[in-house]
Structures are given as C-alpha cells and as structure tokens.
1. So what is log10(I(q)/I(0)) for the chain at q = 0.15, 0.16, 0.17 1/Å, when the Debye sum runs over its Cα atoms only?
2. Take every Cα-Cα pair in region 144-194 and report what % of them are more than 16 Å apart.
3. Which three numbers, in whole Å and largest first, are the semi-axes of the equivalent ellipsoid of region 35-155 derived from its Cα gyration tensor as √(5λ)?
4. For the chain, what does -39500 (n - 2.57) per DSSP helix run (n ≥ 4), summed and divided by total residues, give at 222 nm, in deg cm²/dmol to the nearest 500?
5. Using alpha carbon coordinates only, what is the Rg to Rh ratio of region 110-260, with Rh defined as the Kirkwood radius?
6. Using a Gaussian network model of the chain whose springs link C-alpha atoms within less than 10 Å, name the residue from Leu155, Leu121, Leu82 with the highest mean-square fluctuation.
7. So what is the relative contact order of the chain, in percent, for Cα pairs below 8 Å that sit 6 or more residues apart?
8. Treat every Asp and Glu Cβ in region 8-252 as -1 and every Lys and Arg Cβ as +1, leave all other atoms uncharged, and give the resulting dipole magnitude about the Cα centre to the nearest 20 debye.
Amino acid sequence: MPGTSATGEKIPVRVYGGPTATIEYGGLRFVTDPTFDPPGEYPMPLPGDHKLVKTEPSPVTAADLGRVDAVLLSHDEHDDNLDNAGRAFLPGAPVVFTTVSGAGRLGGNAHGLAFWETAELWRPDGGTMTVTGVPARHGPVGCEPVTGDVIGFVLTSDDLPSVYVSGDNAALEHVEEIAGKFAPVDTAVLFLGGARMPFAFEGALLTLDSAQGARAAQMLGARRVVPAHFDSWAHFQEGRDEIEAAFTGAGLADRLDFAG
C-alpha cells in the first residue's frame, strides 16, 4: 500500500467506505463508526425537510468483519457514523468507546470517555494498551447544541507505534492540542471529505477538508495518513482526487495510504 512504512505495517488498517475501518492493534481488533446499510435517505432531526443521503453500498456486512474486540464510535447521533445495521452490530462487541453523552444514550456495553480520559485493555499477549479520548468538534465554534458531542481516539502501547482516529472533527486547534501530547503519531486515520450542508452554519465545514487534512498530518508528524469518511455520502464536498492533490501540494503524498 502506498505510503505505508515498515513501522506502519505493524498496524494493519483497512477502510470499508464512509467512516468504517478496522484497526489491528496489539492483537486486538477495533472497528470505527460502524455503518453497513444500503444506499438510502435518513431524515435529520432539524427544522425543515433535511436528509442525510447515502449514495454507495457498504462493501462489507457486519458479519464479514469477524471478531471484534472494541468499537471506537466518534458519536452516535448521526446516521452516517452509526446507521441501523451499525446499531445492531454494537451489542456484539465487548466494549464501545464513545462520548460520555453517547454512552448514556446507548447504555449496555458503551463506555463514555471525556476528553483526555483513558481506558486500558488487556492484550492477548498479556500486555496492555491504552485508549485515550481526545478532543474533536463537529463544526464551527459553538456547534455542539446542533451537531452534538463528538470525540476522537489515540491508541498507544509501550511497544507499539501510536494511532490517532480523528472522528468527525473540524477543529485544527484540537489537532494541535493532540499533537502537543502525542506527536509524532505513526498512523493518523483522518475523517476528511470537507463535509458541508448549505443550511447548517452558513455552509461552514463540519469535518476537515483536504488542505486541513494535510495540515493536520504536518502537526501530528504522522508517518502514515489513512483517509476515511470522504465518500459514500452526498454531503461530502471533496473526495480522493482532492485529498491526493492537497497532500501532493504539501509534499506529503508519500504518507497517504488509501487502505481500502
């Protein structure tokens, strides 16, 4: 895979369209934001006839993923990050890490993490690894009453390179904070796509666009960048071509890994 270093190869990552990816870390298998529904429309809980529109089918079913040790759920309130089949999938995971408010809504095996809060998991080899909840914001400053809470994650272990999963984050200032604590990051799974909706926040970005993704990679000192959540939904404004162009322009093309 292009942009995958010898170190990066220790951390297999595969993206399955939208925000759904698997990360193999320390013998544990993580799934991000599970979405498996076919194309369709999802009404949004906002005034007016607004919908999220899924345009492409998921390339896998939940059953295709096999064993799962934990879910990293950036937020539970939007169907493009947790759809109907994704919700049905959650109870089969030993633990679902998500926002504190999301854990309250989901209950069961959901474990809420505040920003900078950590949780430890035992690895099959007897060691441990740490999941840290890190800051994210799903739009411009003050968006939370409309877009809800969102969180990112960093995976660390004493003998493994680190992995950052951005979630639906539009705030480079949060990336800078995360870099201050964790840089250099080996693998950054960045939710890109430059999501915008004309009726929301005057069309402001709801996730990072391609240029901001390149800037985030620089801030993090990321050895490898795996783009995610830039396709399969109508509200994304930028796709693979724009991501490649932005990273090439920033001299970072060799770090890109479209791990599909």
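1. Debye intensities relative to I(0), on a log10 scale: -1.05, -1.22, -1.41.
2. Values: 538 of 1275 pairs.
Taking all Cα-Cα pairs of region 144-194, the fraction more than 16 Å apart is 42 percent.
3. 26, 20, 11
4. It comes out at -5000 deg cm²/dmol, rounded to the nearest 500.
5. 0.98
6. Evaluated over the chain, the most mobile residue of the options is Leu121.
7. 19
8. Working: 16 positive and 33 negative charges, 68 e Å.
Value, rounded to 20: 320 debye.
Read-outs throughout are calculated quantities, based only on the coordinates presented, and are distinct from any laboratory measurement. Computed from a prediction, not measured in an experiment: that's the story for all the values here. In this analysis, Cβ positions are derived from the backbone assuming ideal geometry, glycine residues included, and neighbour counts consider all displayed protein chains.
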